[in-house]
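Q: I'd like to ask you about the structure that follows.
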Amino acid sequence: MTGKKIAVLATGGTLAGKAASAHDNVGYTAAQVGVDELLASIPALQGFSLVTEQVAQVDSKDMTFDIWRKLAVRCAHWLAQDDIRGVVITHGTDTLEETAFFLHCVLAPVKPVVLTCAMRPATALVPDGPQNIVDAMSVALAEGARGVVAVCAGTIHGAVDVAKQHTYRLDAFTSGDAGAVGYVEERQLRLLRDWPAADAGATAVMQKVISAGRWPRVEIVMNHAGAGGAMVEALVAQGVDGLVVAGTGNGTVSADLMAALQAAAAKGVRVVRATRCAEGQVIAHAGDRLPASAVAPVKARVELMLSLLA
Ligand code: SIN
């Protein structure tokens with residue numbers, strides 16, 4: 001029988017940030033307030049049954065694979081407890097979509113794993129973190145909720161689709177073409193589509209993540225006007241394991257960059273094409289010289305790293 005307790009795993013971010021002035025929404029230091037202090041400052045959480053863990057305390061631009069591994073292990077631990085209804089993860093907005101996708105690839109949760117965040121620090125005149133946290137709790141407690149999702153500004157996004165699209169607005173995330181999973185309105189959920197399906201291979205991937213001695217090195221290079229092969233050649237000389245090329249349009253790559261990527265592939269470097277377009281996905285066709293990923297470059301990088309772990 002699943003209880004109504006929620007495990008809150010904190011990793012830092014602006015949500016836990018502090019600025020010198022309540023009017024400063026950009027000149028703050030992220031990841032300053034501990035999870036218990038943060039939750040205690042939200043009166044709306046009184047009466048919630050919570051268990052908390054400070055898994056990390058970082059600005060998410062500094063997110064590491066070791067933190068991801070620890071986070072995945074702690075998620076798995078709490079999800080396996082009968083009395084835990086779901087997991088809420090507090091996170092910075094900047095790499096939230098990467099963490100969400102990573103967790104989607106390694107967990108196959110039949111319970112909800114809800115990432116949430118804030119665009120304004122905890123010290124702001126009107127911080128957005130408290131409402132986002134309460135909304136995330138509503139999602140974690142919702143009947144039938146499952147899978148890895150992100151909640152920001154009242155919108156629920158699936159881990160595969162979510163992307164930060166704005167540098168400043170409180171509603172900073174989009175689900176692109178796929179559209180949001182739903183909305184949280186006054187603690188009620190209005191669903192637009194089904195909860196994200198679990199990744200069938202996730203359990204096997206998790207075992208590889210746990211036992212990995214070394215994380216594969218995968219870098220992202222971009223196609224653009226005048227793009228050449230020098231960056232790729234330098235990375236290959238450094239022993240890179242994989243490359244994701246953020247191609248133009250439908251994953252297209254300049255002749256010089258393509259030549260360098262094909263030379264890298266011939267030396268055993270795994271090369272994957274994605275698109276730098278904010279929406280849509282690369283549509284493969286018969287003449288393709290490099291395989292394509294269906295997800296954004298930062299997520300294709302996670303996908304390739306996990307594949308290389310095998
Ligand atoms: C971060 O990603 O940790 C800082 C920025 C933010 O949370 O909005």
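Q: Per residue of the chain, what 222 nm ellipticity follows from adding -39500 (n - 2.57) for every DSSP H run with n ≥ 4, rounded to the nearest 500?
A: Helix contribution divided over all residues of the chain: -8500 deg cm²/dmol.
Q: Given a 1.4 angstrom probe, I'd like the percentage of the accessible area of the chain that is carbon and sulfur, rounded to a whole number.
A: Answer for the chain is 53 percent, counting heavy atoms of protein chains only.
Q: Let me ask something else about it. Output wanted: per-residue J couplings in Hz (rounded whole) for the range 302-310, from phi through Karplus 6.51 cos²θ - 1.76 cosθ + 1.60, θ = phi - 60°, x for Gly and Pro.
A: Those phi angles translate into 4, 4, 5, 4, 5, 5, 5, 4, 5 Hz.
Q: Follow-up. Would you list the P(r) distribution for the range 195-298, with all Cα-Cα distances sorted into 5 Å bins from 0 and each bin expressed as a whole %?
A: 2, 12, 20, 20, 19, 13, 9, 4, 1
Q: Whole percent per 10 Å bin, from 0 to the bin with the longest distance: what is P(r) over all C-alpha pairs of the range 244-299?
A: In whole percents, the pair-distance histogram is 27, 56, 17, 0.
Q: If you don't mind, there's one more thing I want to ask. Under the rule of at least 5 residues apart or a separate chain, name every residue whose amide H is placed under 5 Å from the amide H of VAL148.
A: Here VAL113, ALA159 satisfy the definition.
Q: Moving on to the next point. Can you send over the solvent-accessible area of SER307, 1.4 Å probe, protein chains only, in Å² to the nearest 10?
A: 50 Å²
Q: With charges only on Cβ, +1 for K and R and -1 for D and E, what is the dipole size of the chain about its Cα centre, in debye, rounded to 20?
A: I would put it at about 500 debye.
Q: Hey, another quick one. Write down the radius of gyration of the chain and its Dmax, each obtained from C-alpha positions, in Å.
A: Rg and Dmax of the chain, Cα atoms, are 19.9, 61 Å.
Q: Let me ask you something else. Using only protein heavy atoms and a 1.4 Å probe, report how much of CYS152 is accessible, in Å² to the nearest 10.
A: Ignoring ligands and nucleic acids, CYS152 comes out at about 0 Å².
Q: Would you pull out the residues with amide H under 5 Å of ASP83's amide H, same chain only if 5 or more places away, H placed 1.01 Å from N?
A: Here the answer is GLY3, since their amide H atoms fall under 5 Å of that of ASP83.
Q: Can you give the FRET efficiency to the nearest 0.05 for THR203 and VAL51, using r as the Cβ-Cβ distance and R₀ = 25 Å?
A: In this case the efficiency is close to 0.55.
Q: Could I ask something else about it? From the phi angles alone, apply the Karplus equation (6.51, -1.76, 1.60; θ = phi - 60°) to the range 178-183 and give each ³J(HN,Hα) in whole Hz, x where the residue is Gly or Pro.
A: Ordered by residue, 3J(HN,Hα) equals 5, x, 5, 6, x, 10 Hz.
Q: Probe of 1.4 angstrom, ligands and nucleic acids ignored: what's the accessible area per residue over the range 215-309, in square angstrom?
A: 47 Å²
Q: Which GluC sites (Glu not before Pro) does the range 92-146 hold that lie in a coil by DSSP with at most 14 other beta carbons within 10 Å?
A: Here the sparse-neighbourhood loop sites are GLU143.
Q: Ranked by accessible surface with a 1.4 Å probe, highest first, in what order do LYS4, LYS164 come?
A: Most to least solvent-accessible, the answer reads LYS4, LYS164.
Q: Same structure again: ³J(HN,Hα) across the range 28-44 via Karplus (A = 6.51, B = -1.76, C = 1.60, θ = phi - 60°), whole Hz, x for Gly/Pro?
A: 10, 10, 6, 6, 10, 9, x, 4, 5, 5, 4, 5, 5, 7, 10, x, 5
Q: Leaving out ligands and nucleic acids, note down the accessible area per residue over the range 34-165 with a 1.4 angstrom probe, in whole Å².
A: For the range 34-165, the solvent-accessible area averages 34 Å² per residue.
Q: Among all the lysines, which ones have a C-alpha under 28 Å from LYS4's C-alpha, if same-chain residues fewer than 8 places away are not counted?
A: LYS70, LYS111
Q: What percent antiparallel are the DSSP beta bridges of the chain, to the nearest 5?
A: So the antiparallel bridges amount to about 30 percent of the total.
Q: Here is a further query. Which one of ALA163, CYS152, ALA246 has its Cα pushed farthest toward the positive end of the charge dipole of the chain, where Lys and Arg give +1 and Asp and Glu give -1 at the Cβ?
A: ALA246
Q: Separate question: Check PHE173: other-chain or 5+ apart residues with amide H under 5 Å from its amide H, H built from backbone geometry?
A: Those qualifying (amide H under 5 Å, at least 5 residues apart or on another chain) are GLN165.
The values are calculated or read from the model by the stated rules, or taken from the named source; none is laboratory data. Everything numeric here is computed off the predicted structure, so don't read it as measured data. For neighbour counting, all protein chains shown are included, and Cβ atoms are generated from backbone atoms with ideal geometry for every residue, glycine included. The accessibility values were calculated without ligands, DNA or RNA, using every heavy atom of the protein model including side chains. Shrake-Rupley method; radii C 1.70, N 1.55, O 1.52, S 1.80 Å.
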